[in-house]
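Visitor: Here it is, the structure, as structure tokens.
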Amino acid sequence: MQRAYIVNLPKFLDYRGNLSFVQELDHIPFKIQRTYWIYDVPGGENRGGHAYKNTNEFIIAISGCFDVIVDYGITKEKFTLNRSYYGLFIPKGVWRTIENFSTNSFALEFADTEYDRNDYIEDYSMYLNMKNNGEI
Ligand code: TYD
């Protein structure tokens, strides 16, 4: 089973301010098909709470911070994204939730598929069944 992992992105610290960047097939280990972002999340709200059958993703906290909970079915891992030079790769087939958004946080997400609701698994017990049956 592939696990999620943090990628330390390049950072250029300068008296004029800092700069970081990502390149596909390099820091992001896939070809980018889609980019979306989450912002203006009211205090206490969670996002996600689903798995993708076929989508790999990569998340950066461009500003602020939040926690990404990655649930492999039996074990869970929490990644706190609190620097804009951290990226989190999340492989397809894992349940993930994003929570504890700070004020003004901005989550930038890259995916290797076009948007397709049929790729979502939104029911946790269905996710566990599919995992146990080796369907994902
Ligand atoms: P959703 O994936 O449910 O948000 P989250 O998982 O962060 O809670 O998406 C919310 C809405 O945005 C939903 O109506 C579908 C739409 N959407 C798109 O149209 N394209 C996209 O690439 C994404 C991620 C969402």
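Visitor: Give me P(r) over the chain, computed from all C-alpha to C-alpha distances, binned every 10 Å, as integer percentages.
Guide: 12, 42, 35, 9, 2, 0
Visitor: Next question. Using DSSP to call loops (not H, G, I, E or B), can you name the chymotrypsin sites (Phe, Trp or Tyr not before Pro) in the range 31-134 whose Cβ has at most 14 other Cβ atoms within 10 angstrom?
Guide: Passing both the DSSP loop test and the Cβ count: Y115.
Visitor: Another one. Which whole-number percentage describes the relative contact order of the chain, with Cα contacts under 8 Å and a sequence gap of 6 or more?
Guide: 33 percent
Visitor: Still on this model: Grab the beta carbon distance between K11 and S63, set R0 = 25 Å, and tell me the FRET efficiency rounded to 0.05.
Guide: That pair, K11 with S63, gives E of 0.95.
Visitor: Would you calculate a helix-derived [θ] at 222 nm for the chain, using -39,500 (n - 2.57) for each DSSP H run of n ≥ 4 and dividing by the full residue count, to the nearest 500?
Guide: -2000 deg cm²/dmol
Visitor: What's the center-to-center distance, using Cα atoms, between the range 11-60 and the range 61-88 in Å?
Guide: 10 Å
Visitor: For the modelled label position 7 Å from the Cα of Q2 along Cα-to-Cβ, which residues of the range 98-131 have backbone nitrogen atoms closer than 16 Å?
Guide: Under cut-off, by backbone N: 110-114.
Visitor: Filter the GluC sites (Glu not before Pro) in the range 46-136 down to the DSSP loop ones having no more than 14 other Cβ atoms within 10 Å, then list what survives.
Guide: E114, E122, E135
Visitor: Accessible area per residue, 1.4 Å probe, Å², for the chain: what's the number?
Guide: The answer is 58 Å² per residue.
The values are calculated or read from the model by the stated rules, or taken from the named source; none is laboratory data. It should be emphasised that the depicted structure is a prediction, and the values quoted were computed from it without experimental measurement. Note: ideal-geometry Cβ built from the backbone for every residue, glycine included; neighbour counts use all protein chains shown. Accessible surface is based on the protein model in full, side chains and every heavy atom, while ligands, DNA and RNA are left aside. Shrake-Rupley method; radii C 1.70, N 1.55, O 1.52, S 1.80 Å.
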